[in-house]
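Asker: Got a structure here, written out as structure tokens. Questions coming.
Please treat every number below as a calculation from the coordinates, not as lab data. Keep in mind it's a predicted model, so treat the numbers as computed, not measured. Every residue, glycine as well, gets a Cβ built from its backbone with ideal geometry; the counts of neighbours run over all protein chains shown.
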Amino acid sequence: MSSDRLRSAAAYAVLLAGAVLTVAPLVLSALTAVTTPGQFATGSPLALPNPVTADNFRTALDHGLGRAVLVTALLTVFVTGGQLITSVLAAYAFARTEFPGREALFWVYLGTMMVPPMVTLIPLYLMFAKLGWLNTFWALVLPFAFGSPYAIFLLRQYFRAIPEELIGAARLDGANTLDVIVHVMVPMSRPVLATLTLITIVSQWNNFMWPLVASSGERWQVLTVATANLQTRYNAQWTLVMAATTLAIAPLTLLFVIFQKQVLRSIAWTGMK
């Protein structure tokens, strides 16, 4: 066997091992979620469920997980929409609009990516406590709904690569700035917007610390907090905990399957640039 084939085989072996290590915990979690508590307590954790049951999911939903899923979905929709709209507008301003201090302002804003979230946790809490907005839906949404440095940076670089001739042609047709953004920039940026949508959805769906601090009780409890509370109350019932974990992971897995082509296309575009 040639050295090239040996290297290719070794690379595939490493990738396969990485894939198994990544997927195996998810598969084990899903199998445990459809296993009866009796079988899990007496049998091997690696044994196939016999019989397959959905009772763990029903029990988890009855213990407040259903409402938490709805709250998390609503929160994710609002934050994702707000982030995409404000990030597109800000990125266009930094990429195509001339104003004093543009570059300095952009790099200062980008530098906030190095600030740990824990540093802003207490100021945010005090701010919302003064406003009387703690334990409300807006306390969960507003801190994350107005763009992010990463999204603005990625969109700015993408917008700067769009040919100026297209924008000039739109201007000659009577388009104003908003028309240029909506009808030129956004359609040409669909791959990167799909990637940012997926990243934002995942980050908000998995957000834990701020919802834990900003809300109490079950009314505005998000999925991550509800799952943690379920694990605390039923730490011996692993089938129930794994059912809650599977419910939390399933929507993100489905979204990745739907958007994977756009994600790969945006990664390829970034690599070529």
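Asker: Can you work out ³J(HN,Hα) from phi for every residue in region 56-62, in order, using Karplus 6.51 cos²θ - 1.76 cosθ + 1.60 and θ = phi - 60°, giving whole Hz and x for Gly and Pro?
Answerer: Each residue's phi maps through the Karplus curve to give 5, 5, 4, 5, 4, 5, 5 Hz.
Asker: Net charge near Leu230, counting Lys/Arg +1 and Asp/Glu -1 over other residues with Cβ under 14 Å of its Cβ?
Answerer: Net charge in that neighbourhood comes out at +1.
Asker: Related question: With θ set to phi - 60°, apply the Karplus curve 6.51 cos²θ - 1.76 cosθ + 1.60 along region 218-224 and write out the HN-Hα couplings as whole Hz, x wherever there is a Gly or Pro.
Answerer: For region 218-224, the Karplus curve yields 9, 4, 10, 7, 8, 5, 5 Hz.
Asker: Once the Cα atoms of region 128-182 are picked out, what are the Rg and Dmax in Å?
Answerer: 18.2, 50
Asker: Further, regarding this structure: I'd like the Karplus ³J(HN,Hα) series for region 98-112: coefficients 6.51, -1.76, 1.60, θ = phi - 60°, whole numbers in Hz, and an x wherever there's a Gly or Pro.
Answerer: Couplings: 8, 8, x, x, 4, 5, 4, 5, 5, 6, 5, 5, 5, x, 5 Hz.
Asker: Here's something else I'd like to know. Write out the chymotrypsin sites (Phe, Trp or Tyr not before Pro) in region 166-245 meeting two conditions: DSSP loop, and at most 15 other Cβ atoms within 10 Å of their Cβ.
Answerer: Phe208
Asker: Please grab the % of Cα pairs in region 108-211 that end up more than 17 Å from each other.
Answerer: The proportion of pairs with Cα distances above 17 Å equals 65 percent.
Asker: Can I ask one more? Can you give the relative contact order of region 114-260 as a percent, counting alpha carbon pairs under 8 Å and 6+ residues apart?
Answerer: Reported relative contact order: 25 percent.
Asker: Give, in nm to one decimal, the length gained when the segment between Asp55 and Thr232 is fully stretched (0.36 nm per residue of separation minus the Cα-Cα distance).
Answerer: The Asp55-Thr232 span can extend by a further 61.8 nm.
Asker: How large is the Rg to Rh ratio of the chain when both quantities use alpha carbon positions and Rh follows Kirkwood?
Answerer: Answer for the chain: 1.06.
Asker: Sticking with this structure for a sec: If you project the alpha carbons of region 1-139 onto their three principal axes, what span does each projection cover, largest first, in Å?
Answerer: Result, largest extent first: 67, 60, 26 Å.
Asker: Summing Lys, Arg as +1 and Asp, Glu as -1, what charge do residues with Cβ under 13 Å from the Cβ of Ala243 carry, Ala243 excluded?
Answerer: Result for the local shell: -1.
Asker: Mean-square fluctuation check for the chain, GNM, Cα pairs under 10 Å: which of Gln83, Gln237, Gln221 is largest?
Answerer: Of Gln83, Gln237, Gln221, the Gaussian network model singles out Gln237 as fluctuating most.
Asker: Something else now. Does anything in region 111-131 have its amide N under 19 Å from the 7 Å Cα→Cβ label point of Met209, and if so which residues?
Answerer: Zone members listed by number: 111-129.
Asker: Of the listed peptides 249-256, 48-55, what is their order by residue-averaged count of other C-beta atoms within 10 Å, with the highest listed first?
Answerer: 249-256, 48-55
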